[in-house]
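Asks: One structure coming up, written as structure tokens, with questions to follow.
Bear in mind these aren't lab numbers, they're just calculated from the coordinates by the rules spelled out. Owing to the predicted nature of the structure, the values given are computational and were not obtained by experimental measurement. When we count neighbours, we look across all protein chains shown, and the Cβ atoms used for this are built from the backbone with ideal geometry, even at glycine.
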Amino acid sequence: MDRYIVAGGLVVSSKGSMPANLLVEDGRITEWVGDLRERDLPIIDAGGTLILPGIIDAHTHFHMASGDQFTVDDFSFGGRLAASAGVTSIIDFIEPLSTQNLSEAIMARFEDVKGCPLDYQFHLVIPQRFARDPAWFELIDRYHLAAVKGFTTYREDGLCLDAEDLENLLAWASKHVGLLTFHAEDDGLLRAAEEKLLAKGQSDICFFPQSRPLDTEEIAIRKLLAIGSLPADLYFVHLSTRKALDTIIEARQTHPDRALWVETCPQYLVLDESVYEREADLNTVCPPLRTHEDQAALWMGIRTGIVDVVASDHCAFALEMKRSSTWQATRAGLPSVDAILPVLVNEGVGKGRISWEDLVRVTSENPARLFRLKGKGSLTPGHDADFVMISGHKPLDTKETFLQSRAAYSPFHKEQMDRRWLKHVVRRGEFLVLDGRLEASLGNGSFIPLG
Ligand SMILES: [Zn+2]
């Protein structure tokens, strides 16, 4: 079905909702049709449904190397899992292995992604050993990559960048349109916290949150902003604390010449540190899960526009890979690519914390705009036909159980992940989910050009 009309739905954007009949042709929305009687085309009845732009998950780790193993959800399976919860595009990472140079890492990742049913883009991770080599400036442009990612920690993995390295990244960002993103946890502070725990003999996995204290993001952000004479824009991934948000609010006032963007994740919105008293090893993630006060600040941040993007940081390790009795030996990361839309609908819109408009802004419009994803993030004519249809408050009559990550556990509660309201998920005109059921054959996604 190359041409059809989605008729009678309410299309949501960050500015509001309005009824529209979407004409879909060859994977794109070409027109909002006024009078349906003039068109002899198949009609998809969207009466009583909300139509949102497809979710863009700007932070996934499919098939990511971890020591001599990999995260268990690859692009093909992880893409299906994501589609089953409304995701139509992802931005994953190119992270050079110790044996690879940047070009080799890029080529290998374009092989890995084959078979992904979603449209995709990449962030290029700059390890310390390449930070002062300007060769990557050219690679980003040559391969049209969405963004660069730097780290202020993980020294043992060769990722932590020092002041001179950071200067080089900032110089790139100030001269190019590409976005510079950071994992902001302060390495010095983390080391001090770890040494303190070790001195007290506190290696048990239950001390994981104390090994990454509450102020580690705030301090890393402050240091990053103090570096560099060039006013580069910065995007901070997976912020978890009220303190970090307060730091951003303050910094936006004192640095009006720079754009500072904030991402958070579903796990920081609804899961809290109490899990470390029970199943600590299954819930390790960096930064750790925080307090109810931090959760409230993050929801408020979405509502008031302080938080720009909600992405998953999906990083799935199988149960046996997660099992660990000490915080030093843990593999941090959670399966969450299928949690963005359910958590924001059930816990956000459903509980009056955010509006549908807020949801569209942080899951679709902003990621498309910030990472310059051409054709994404809007349902106005000229954009890709990527959308999610939500059936009011009436649960769909589906017996199907949802797909689950190969991690084979979920940190989220059942009611947080409920999605019986999810009717259709469409990527460039193709139905990935039809009447609540994941389609058997999803076809392949495409590399998203930059706009
Ligand atoms: Zn991540």
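Asks: Once you compute Rg and the Kirkwood Rh from C-alpha atoms, what is the Rg to Rh ratio for the stretch 106-197?
Replies: When Rh is taken as the Kirkwood radius, the ratio is 1.04.
Asks: Here's something else I'd like to know. Residue by residue through the stretch 158-170, which ³J(HN,Hα) values in whole Hz follow from phi under the Karplus form 6.51 cos²θ - 1.76 cosθ + 1.60 (θ = phi - 60°), with glycine and proline marked x?
Replies: Ordered by residue, 3J(HN,Hα) equals x, 9, 5, 9, 9, 4, 5, 4, 5, 3, 5, 5, 5 Hz.
Asks: Sum -39500 (n - 2.57) across every DSSP H segment of at least 4 residues in the chain, then divide by the residue count to get the 222 nm mean residue ellipticity, nearest 500.
Replies: Value at 222 nm, helices only, nearest 500: -7500 deg cm²/dmol.
Asks: Given the peptides 327-336, 156-165, arrange them by the average over their residues of other C-beta atoms within 10 Å, most packed first.
Replies: 327-336, 156-165
Asks: Based on the alpha carbon coordinates of the stretch 2-149, what radius of gyration and maximum Cα-Cα distance (Dmax) apply, in Å?
Replies: Here Rg and the maximum Cα pair distance are 20.1, 63 Å.
Asks: If I model a spin label at Arg129 and Ser203 as a point 7 Å from the Cα along the Cα→Cβ vector, what separation in nanometres do I get?
Replies: Each label point lies 7 Å from its Cα, and together they span 2.9 nm.
Asks: A further question on this structure: Highest first, please rank the peptides 102-109, 146-153 by the mean number of other Cβ atoms sitting within 10 Å of their residues.
Replies: My ranking of the peptides, most packed first, is 146-153, 102-109.
Asks: Provide the net charge surrounding Leu170, with neighbours chosen by a C-beta distance below 12 Å and charges set as Lys +1, Arg +1, Asp -1, Glu -1. Don't skip to the end; give the middle numbers.
Replies: Working: positive: Lys175, Arg258; negative: Glu164, Asp165, Glu167, Asp233.
Spelling it out: positives minus negatives among the neighbours equals -2.
Asks: Hey, got the dipole for the chain? About the Cα centre, +1 on K and R Cβ, -1 on D and E Cβ, debye to the nearest 20?
Replies: Details: 47 positive and 65 negative charges, 124 e Å.
The dipole of the chain has a size of about 600 debye.
Asks: Between Gln404 and Gln69, what's the calculated FRET efficiency when r is the beta-carbon distance and R0 is 22 Å? Round to 0.05.
Replies: Between Gln404 and Gln69 the formula returns 0.65.
Asks: While we're here: What length, rounded to one decimal in nm, is gained on full extension from Arg142 through to Thr99, with 0.36 nm per residue of separation minus their alpha-carbon distance?
Replies: Gain on stretching Arg142 to Thr99: 13.3 nm.
Asks: With a sphere of radius 15 Å drawn around the Cβ of Gly158, what net charge do the other residues whose Cβ falls strictly inside it have (Lys, Arg +1; Asp, Glu -1)?
Replies: Residues close to Gly158 contribute a combined charge of -3.
Asks: At 0.36 nm per residue, minus the direct Cα-Cα distance, what do Asp418 and Glu38 gain on full extension? Give it in nm, one decimal, please. All intermediate terms of the calculation are to be shown ahead of the outcome.
Replies: Details: separation 380, 0.36 × 380 = 136.80 nm, distance 3.94 nm.
Here the answer is 132.9 nm.
Asks: Sticking with this structure for a sec: Place a point 7 Å from Cα of Arg303 in the direction of its Cβ. Which residues in the stretch 356-380 have their backbone N less than 15 Å from it?
Replies: Label zone hits: 356-359.
Asks: Could I ask something else about it? Any idea what the relative contact order of the chain is, in percent, if you count C-alpha pairs under 8 Å spaced at least 6 apart?
Replies: 22 percent
Asks: Here is a further query. Provide, in order from the shortest bin, the percent of all Cα-Cα pairs of the stretch 199-256 in each 10 Å bin, continuing until the bin that contains the maximum pair distance.
Replies: All Cα pairs considered, the percentages come to 19, 44, 23, 12, 3.
Asks: Using only Cα atoms, find the angle between the long axis of helix 216-226 and the longest principal axis of the chain, and express it within 0 to 90 degrees, rounded to the nearest 10.
Replies: With both axes taken from Cα atoms, the answer is about 90 degrees.
Asks: Roughly what would the spin-label model give for Arg369 and Asp45, points 7 Å off Cα along C-beta, in nm?
Replies: 3.7 nm
Asks: Still on this structure, please answer the following. Need the list of lysines near Lys374 for cross-linking: C-alpha distance under 27 angstrom, and skip anything on the same chain fewer than eight residues off.
Replies: Lys15, Lys114, Lys149, Lys175, Lys423
Asks: For the stretch 69-80, in order, what is each residue's ³J(HN,Hα) by Karplus, 6.51 cos²θ - 1.76 cosθ + 1.60 with θ = phi - 60°, in whole Hz (x at glycine and Pro)?
Replies: 10, 10, 4, 7, 8, 7, 5, 6, 6, x, x, 5
Asks: Please compute the modelled spin-label separation between Arg258 and Val177, points set 7 Å along Cα→Cβ, answer in nm with one decimal.
Replies: Here the modelled spin labels are 2.2 nm apart.
Asks: Give the dimensionless ratio obtained when the Cα radius of gyration of the stretch 54-370 is divided by 2.2 N^0.38 Å. Please report the intermediate quantities before stating the final value.
Replies: Numbers: Rg = 18.4 Å, N = 317, 2.2 N^0.38 = 19.6 Å.
Taking N as the residue count of the stretch 54-370, the ratio is 0.94.
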